[in-house]
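One structure is given here, and the rest of the page talks about it.
Nothing in this text is a laboratory measurement; each read-out follows from the coordinates by a stated rule. The shown structure was predicted, so the numbers you read here are calculated from the model rather than taken from an experiment. Here the Cβ is made from the backbone with ideal geometry for all residues, glycine too, and neighbour counts use every protein chain on show.
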Amino acid sequence: MGLFGGFAAATEALARSPRAGPDADIAQSMLVAERLRARIAELSVPTIDPLDEVADVTGQTASIGVAGKPWHGTVLDVLLHAADVAVRAAKASGGNAVRAAGGRGDR
C-alpha cells in the first residue's frame with residue numbers, strides 16, 4: 001500500500017497492490033510505484049482555462065511512500081503511518097520521488 005502526495009493541492013490516496021500477499025515484496029512495490037510516478041510525469045491532460053481556451057496540464061509530479069505487510073507492520077493503522085512517513089521523506093527530498101518505509105513497525 002502507499003500514500004500518494006503531490007497531485008493538485010497535495011491530495012493523498014491509498015492504493016493496494018494487486019500482487020499484495022506473501023509473494024509480493026517491497027522491491028516489486030517500489031518498481032510499481034516508480035512506474036506510476038514516471039507515468040504521472042508524462043501525462044498531458046487537455047483542459048479549458050478560465051478564458052475558454054484549451055490548455056494542456058503537464059509536468060505534474062508525485063511523491064510516493066511505500067509500506068508493506070509484514071515488513072512494516074501487520075495492522076492497517078501502522079502500515080498507513082509507515083507509508084505516510086515514507087511519502088513525507090519523498091517530499092522532503094525535493095518531491096517527485098518514491099521512498100520505502102524504514103524498519104518494521106509495531107504489529
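Computed over neighbours whose Cβ is under 14 Å from that of residue 58, the net charge equals -2, Lys and Arg +1, Asp and Glu -1. Here the extension length gained between residue 49 and residue 92 equals 12.4 nm, from 0.36 nm per residue of separation less the Cα-Cα distance.
In a shell of Cβ-Cβ distance under 14 Å around residue 46, excluding residue 46 itself, what net charge do Lys and Arg (+1) and Asp and Glu (-1) give?
It works out to a net charge of -4.
Fewest neighbouring Cβ atoms within 10 Å first, the residues 25, 84 line up as 25, 84.
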